[in-house]
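Peer 1: Starting off with a structure, shown below.
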Amino acid sequence: MEDDEYRALIVLVADQLAAAGAPDIADERHYVIDDPDTDERRMLSPRDHLIAMLQAFERFLTIQDRATYNAAFQLFNQWAPDRAPRAVTFVPIEGTADISPVNLASAPDLAEVRENLLDLIHQLKIDPEPTSRRGLP
């Protein structure tokens, strides 16, 4: 894909993130890096920007996935079976995601969504760089 196609996808993903209650993930300030050649700050390439946004969304889904809850309880029970907690609630840090606390015992099963998202990220990573950045005409 070309840079313009990635930019169009970034806009679509940003809209969907806002609808999903995670508009902060789309904030461009998260996708700025220091250029080692010029010591200036610059945006990630559109391809890398899109990949980073999708990776952040996958992490957002991970903390709301019942599988995360189940895995945590398995660890608690393994390491402290007589002192394991009875419930776990995710409470976002103030100023981060605009979501309410989530009782993970009643969290949805997001395994399939997360798997599809990880597949998409993988496909984007193996997509060749746009010709405009490979030095080709």
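Peer 1: Hey, can you tell me all the residues within segment 62-92 that are among the basic types (Lys, Arg) and assigned to a strand (DSSP E or B)?
Peer 2: none
Peer 1: Examine segment 71-87 for a residue that is of a type in the set (D, E, K, R), surrounded by 14 or more Cβ atoms within 10 Å (Cβ to Cβ) and farther than 19 Å from Asp127 by Cβ, and state whether such a residue exists. Working first, answer last.
Peer 2: Quick first cut of segment 71-87, residues of a type in the set (D, E, K, R) only: 82-83, 86.
Retained after the next criterion (residues that are surrounded by 14 or more Cβ atoms within 10 Å (Cβ to Cβ)): none.
Looking for residues that are of a type in the set (D, E, K, R), surrounded by 14 or more Cβ atoms within 10 Å (Cβ to Cβ) and farther than 19 Å from Asp127 by Cβ, one finds none in segment 71-87, hence no.
Peer 1: Which of the residues belonging to segment 7-31 are in contact (Cβ under 8 Å) with a residue 24 or more places away in the chain and farther than 20 Å from Thr62 by Cα?
Peer 2: Arg7, Leu9, Ile10
Peer 1: Return the residue satisfying two criteria in turn: it lies in segment 32-59 and is closer than 29 Å to Thr89 by Cα and free of Cβ contacts under 8 Å to residues at least 40 places away in the same chain, and of such residues it is farthest from the chain's Cα centre (by Cα).
Peer 2: Out of the qualifying residues, it is Ala52.
Peer 1: Residues of segment 17-29 being exposed (fewer than 12 other Cβ atoms within 10 Å of the Cβ) and more than 14 Å from Leu44 (Cβ to Cβ), which ones?
Peer 2: Ala19
Any read-out appearing in this document is the output of simple, stated calculations on the displayed coordinates, not a laboratory observation. Bear in mind the structure is a predicted one, so any value in this text is a computation, not a measurement. No Cβ is skipped: glycine too gets one built from the backbone with ideal geometry, and neighbour counts run over all protein chains shown.
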